[in-house]
Amino acid sequence: MDEMTEQDVENLDPDPRLALAQWANRNDEWVRRIVRRVLDSNTELSDSERALTYRLFLEEKEFDDRSLQSEPPLTNPTQPSGQPEPFNLTRISNVRGVNALAKGEHIDFGLGLTLLFGENGAGKTGYARILKRIAGSRSADDILSDVNAEGNPLHASADIDYVLGGTGHSHHWNGNQGEPPFTLMSIFDSPSAQLHVDSELRYTYRPASLAIFDRVNIEIQNIGGRIEEERQSLSYDKDPVLQRFDHGTTIYPYVESLGPTTDLTELGKFLELPDNADEREKELESMIATLRADVAGQQIAFKSKFKGVLEEAVSYAAVAGKFNARDYNATLNELSTMHGHQTTLRDSLFAADLPSDPDAMWETFVRAGQDYRKHLETQGAHDDTRCLYCRQVLNTNALELIGRYRDYLEGQIAKDIDTLESLIQTLVKPVHDSSLIAVRAHCKPLDSDSDEDIPVPTEQAEQMEALLNLTGLDEMLRQRFAERVTIDEHILLQISGIGPRVELWLSVVTAELETLRVQNPDREKSLAKNENELQELKGRRELNRSWKEVQGIVAAAARQECLKSEREAISNVLRDLTNLSNKASEQLINHNFEEIFRNECEELRAPSLQLDFFGRQGVSQRKKTLQGNITPSRVLSEGEQKVIAIADFLAEARMSDNLVPVVFDDPVSSLDHRRIGEVARRIADLASNHQVVVFTHDIWLVTHLLDLFEKSDRCLYYQVTDDHGKGTVTAGTGPRWDTISRLRAKINSSIADAKKTAGEERDSHIRDAYDSIRSWCELFVEQEVLAKVTERYQPNVRMTSLSQINVPKLEITIESVLSVFEDACRYIEAHSQPLQTLGVAPKLSDLEEDWERLEKCRIEYRKD
């Protein structure tokens, strides 16, 4: 397969599936097979398909004999059937071991916006962490159990219900990270914001038309992995075979170098054996045995070794005979005298200052301190004012004593002693360096016990006696050196006397050896020739016996080398695929993403910046920079960075062709009120066709979102509190809790219930109705009479709504509403009542009359 050039990639079809087919047709059969299966099924290959594809690879590359049919070129592929299966959450329940969340709570998710509002520490984050963990989000945290609970911490778990492709499922989560299909979810939180601003991000999804590149990439890498696995399994060891061949044979270098490049034809020439191989081998073994048994040969070997022994003895005798015993003995006597002077000096200097006599142990102690002082001086770390051992500061007396130590150790007597010691070492060095190792080894058999009384020739006995005497004198001499004892000259005279005798024997042995060698060259040549012929013959026999193993070694080595080459070639295939995927990504993702991202930035008033796109391993990635290739976080404020991150996240979510949940965890921290409203509008717009879950403690974001969904049924609101334990979830309509339409329904329901009952039960329903009427009055005034000019939980007075107030009808409306409002206040339990009115119960007729008046008032006010 040839590596594609950039021009080749540019010339491919812009449709990703067609481009991939064209690319596959330029590659090997096994690549075409992978691409065909991925395009047909739009999924990864099964294990059996992967095994068959690898088999095709081996046959195509001639590793194995061909048995599979050839893989024809791809024609125009059909488009994949169906759309991605929609996926949405339905409930979280049975939460255990997640922070300190209370038991028994659950969250039901809507198809549009699910809004969870609560104060800091109420428990929202626990539920958000579950979603982030199971989705494997970019900022997923480790989940801890309640750190204040006694006993062993609970393992994190929860039941998560969801719908995939129209079918309901229930999943028991055990704290694992990144579990399909929840990995399809998109999640935004404050920690991930920095990633969306500065990091090089890959897309969290792949369109179906581009996911095929990922699948093909995976399958090609799978083939690469199988190649490497087989290559590693092809281990071979040629040493066991090599050990069967003699090092001196012609065959040995061939076997030693067995490998992928071995020419078996050349090595096979050595398989041929002569017709009479068996008879010739026996003949050679007999001839070699006869030649090896030759007495002359044994004599040459013995005399050659004995010559070396005599040469060593002559050399030693010459060195020892020159030893100057007079100088040595005089130096020893002078050294003894100097040691006596030193002892006298020591006793006179220190006897009065020490706890005991300054003996040899004291001498060792002082010299050790002197050596350590010199070491510290070489390190530049010595301090004359401190003790070497305890490091305490020395007083005057101690310093004076240490000074005397130094004078004693470095005085003239000590120097003279060192000089004499060096002289002694010089005198004895030649003798010390001379060796009698071979002589001792030669004499050793006589020292061993033997039951046989073998007669020894007189000449040999005399030689052995002289050599033994020489080793004994050497030991005596060395012992006296070690003990520093004077040397008697008669020892040296004995050694000198042995020297001439040994020299005579050496000359005789040398002459005899020369004569034997002159007389025996033909035997040695014949022996060497026959031994060589026998080795070669045995080598050929062994090669015949080991031929299958040799072939196996070469085949394994060659296959391993070829597999390595093919494994490296796959890198080129993957590189081509990456280039092709990048082009397709540029057309389908990057261009569209940039357009959507720019639009989101405009909607959120985000700063302008530069988008760069690149790819690795066939996966598109993006990066944002400011002018001069500066990362945004170095220049922009925290709020500006946050809106850029939200714009990037929203663009990514809108690009996805998968209908999957989008989760926001406190998305508007660091944002001002105006931008909170803008973010709310973008989230609401996203929730029009996606399932969106928002966790927040920001009241302005909540009111903005609820206002945007006031006329929509695609919004669920939950209040998260710690009233009954952290994470208590209560369904509601918003922080204000009520709307006019819902209050109207409650009032009508209470009136209907009151009509069905009597006595205290009826009074209770009437009071409930008045309680709702009071709230209705407040909302009617806030929402409609004053046209939301000053609405609760809103950041500003809406001056543009002033013109919507129906001024002509204000007076009559205020009168009607206020009179009923005052009645409601008298009947509800939230207000304390005067004693005289506590026993006055509201009547059902009065309730109906008040409610009818309010509804007519509202109808009249809303008329043009």
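The values are calculated or read from the model by the stated rules, or taken from the named source; none is laboratory data. What you see is a predicted model; the values in this text were computed from it and never measured. Remember, those area values only see protein heavy atoms, side chains included, never the ligands or the DNA or RNA. Shrake-Rupley method; radii C 1.70, N 1.55, O 1.52, S 1.80 Å.
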**OP:** Quick one: what are the phi-derived ³J(HN,Hα) couplings along region 476-484, Karplus 6.51/-1.76/1.60 with θ = phi - 60°, whole Hz, x for glycine and proline?
**Re:** 4, 5, 5, 5, 5, 4, 5, 8, 6
Original post:
Share of region 97-204's accessible area from carbon and sulfur, percent, 1.4 Å?
Top reply: 46 percent
Original post:
Rolling a 1.4 angstrom probe over the protein heavy atoms, how many square angstrom per residue are accessible across the chain?
Top reply: 53 Å²
Subject >> Fraction of alpha-carbon pairs over 13 Å apart in region 14-65 - percent >> reply: 59 percent
Original post:
How much of the calculated P(r) for region 93-238 lies past 27 Å, in percent of all Cα pairs?
Top reply: 42 percent
**OP:** Using a 1.4 Å probe over the heavy atoms of the protein chains, calculate the carbon and sulfur portion of the accessible area of region 211-302 as a whole percent.
**Re:** 48 percent
Subject >> Among (1) 52.1, 157; (2) 33.0, 103; (3) 28.0, 85, the entry that matches Rg and Dmax of the Cα atoms in Å as calculated here >> reply: (1)
Subject >> Long pairs among LYS238/LYS269; LYS711/LYS856; LYS238/LYS538; LYS322/LYS374; LYS103/LYS642, criterion Cα-Cα beyond 30 Å >> reply: LYS322/LYS374; LYS103/LYS642
**OP:** Output the relative contact order of the chain, whole-number percent, from Cα pairs under 8 angstrom with separation of 6+ residues.
**Re:** 20 percent
Original post:
With all protein chains present, how much of the accessible area of region 453-612 (probe radius 1.4 Å) comes from carbon and sulfur, to the nearest whole percent?
Top reply: 49 percent
**OP:** May I have the pair-distance distribution P(r) for region 152-285, computed from all Cα-Cα distances with 5 Å bins from 0 and rounded to whole percent?
**Re:** 2, 6, 7, 9, 9, 9, 8, 6, 5, 4, 4, 6, 6, 6, 4, 4, 3, 2, 0
Original post:
Can you pull the accessible area of THR378 for me, 1.4 Å probe, Å² to the nearest 10?
Top reply: 110 Å²
Subject >> Using alpha carbons only: equivalent-ellipsoid semi-axes of region 641-712, gyration tensor based, whole Å >> reply: 19, 15, 10
Original post:
For GLY175, which sequence-distant residues (separation of 5 or more, or a different chain) have an amide H within less than 5 Å of its own amide H, given hydrogens modelled in the peptide plane?
Top reply: ALA158
